[in-house]
């Protein structure tokens, strides 16, 4: 009888622990699994032998329920890129050694694009070295919604719900004064504008804001932006703008790149910030009206108090399916969602070769962006709407939600 190891990696979300819950529940119910282990801080924890047994920590149904309402990564996370084994096999040998120590036959890695790079490399290494008694499967997670081969990603629906809710609330605040004012809301999204597009959902109940939406898939012009602002101010006194942090100009250069250093993360991605502040100062100088910028920042990925019930449900299902697939002998693939119907919304789970996912980016289709580049189409709204449906019951204590912690020393 083998054990299963699960780990979380990359940026946290409000749904990543629901995927962990799905993995754990499946293992608890499967007689082929003896113990379920969790690695602290992803692949880094495996290399450092920071492994904890989850059976005694999550055997209580109440603990699993709390896990699903806990934001961020309960097991901790990391941003580490494995070397290629052609350069060095040290990391791979250490990982396999840790697997052997804990009798691991199945490894589920929950994460986004860069995490799937790890799944791809580990699975390929095992295949190359004829290690056929360890199955490695990816479970998707990313609020950026930029993984290929899946209709959408766990965590995105909850982030979209938070963004839509917050933009609606910001619009209420902005409209109380009669003086001309511009509010610029900077939303996460380095290479894909899915999160910024979700701001359009703030308008589905009749609100007008956001008035302008700019995604990173279309070239951004500061001159055109100022023209759009002036036009909107001629129509109304309060203008709300939603913009992706990663907007680029016609030459493909981030518009704030000249203001920043060349700092990158562990995977070589530029660390972006400041587009809201940059445009705030631009509007102040060129138009002269009252203007402020708002950066939603971490709240986009940790606001579990407004999590989407459908997102949590699907995330849990994907975790369970990934564990089931690995236990059945599957390896080198990622669990993915395939939308089979939009009205009514229906989906099924399929497994996709990891090579089709790792190191690729799914962008917003250009046909879902308004031809003027400052809004999204009805097709985008139809795509987004099912993903934010439903609210979860939440356990409170002393007036605030209760969270579970697995990664504390």
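Which one of the conditions (1) farther than 24 Å from residue 198 by Cβ; (2) within 19 Å of the chain's Cα centre (by Cα); (3) surrounded by fewer than 21 Cβ atoms within 10 Å (Cβ to Cβ) does residue 109 fail to meet, given that it meets all the rest?
Failing condition for residue 109: (3).
Looking at the stretch 146-168, I want the residues that are free of Cβ contacts under 8 Å to residues at least 12 places away in the same chain and have a partner that is not in a loop (DSSP other than H, G, I, E, B) with Cβ atoms under 6 Å, at least 6 apart or on another chain. Which pairs are those?
Nothing qualifies.
For the stretch 329-362, which positions are surrounded by fewer than 18 Cβ atoms within 10 Å (Cβ to Cβ) and not in a strand (DSSP E or B)?
Listed by number, the residues that qualify are 329, 330, 343, 344, 355, 356, 359, 360, 361.
Go through (1) closer than 23 Å to residue 300 by Cβ; (2) surrounded by fewer than 22 Cβ atoms within 10 Å (Cβ to Cβ) for residue 63 and report which single condition fails.
(1)
Would you pick out the residues in the stretch 75-106 that are on the phi > 0 side of the Ramachandran plot and either in a helix (DSSP H, G or I) or surrounded by fewer than 20 Cβ atoms within 10 Å (Cβ to Cβ) (or both)?
103
Just one of 206, 189, 157 is within 18 Å of residue 364 (Cα to Cα) and part of a loop (DSSP other than H, G, I, E, B); which is it?
Among 206, 189, 157, only 189 is within 18 Å of residue 364 (Cα to Cα) and part of a loop (DSSP other than H, G, I, E, B).
Could you list all residues from the stretch 295-320 that are at pLDDT 95 or above and crowded, with 24+ Cβ neighbours inside 10 Å?
Scanning the stretch 295-320 gives 307, 308, 311, 312, 314, 315, 316, 318, 319.
Got at least one residue in the stretch 381-396 being under 19 Å from residue 210 (Cα atoms) and free of Cβ contacts under 8 Å to residues at least 12 places away in the same chain?
Within the stretch 381-396 (the criterion being under 19 Å from residue 210 (Cα atoms) and free of Cβ contacts under 8 Å to residues at least 12 places away in the same chain), the answer is no, since none of the residues qualifies.
For the stretch 182-202, state whether one or more residues are farther than 17 Å from residue 284 by Cα, in the same structural domain as residue 254 (by TED's automatic domain parsing) and free of Cβ contacts under 8 Å to residues at least 24 places away in the same chain.
Looking for residues that are farther than 17 Å from residue 284 by Cα, in the same structural domain as residue 254 (by TED's automatic domain parsing) and free of Cβ contacts under 8 Å to residues at least 24 places away in the same chain, one finds none in the stretch 182-202, hence no.
The values are calculated or read from the model by the stated rules, or taken from the named source; none is laboratory data. Treat the numbers as computed from the prediction; the structure is a model and nothing was measured. Every residue, glycine as well, gets a Cβ built from its backbone with ideal geometry; the counts of neighbours run over all protein chains shown.
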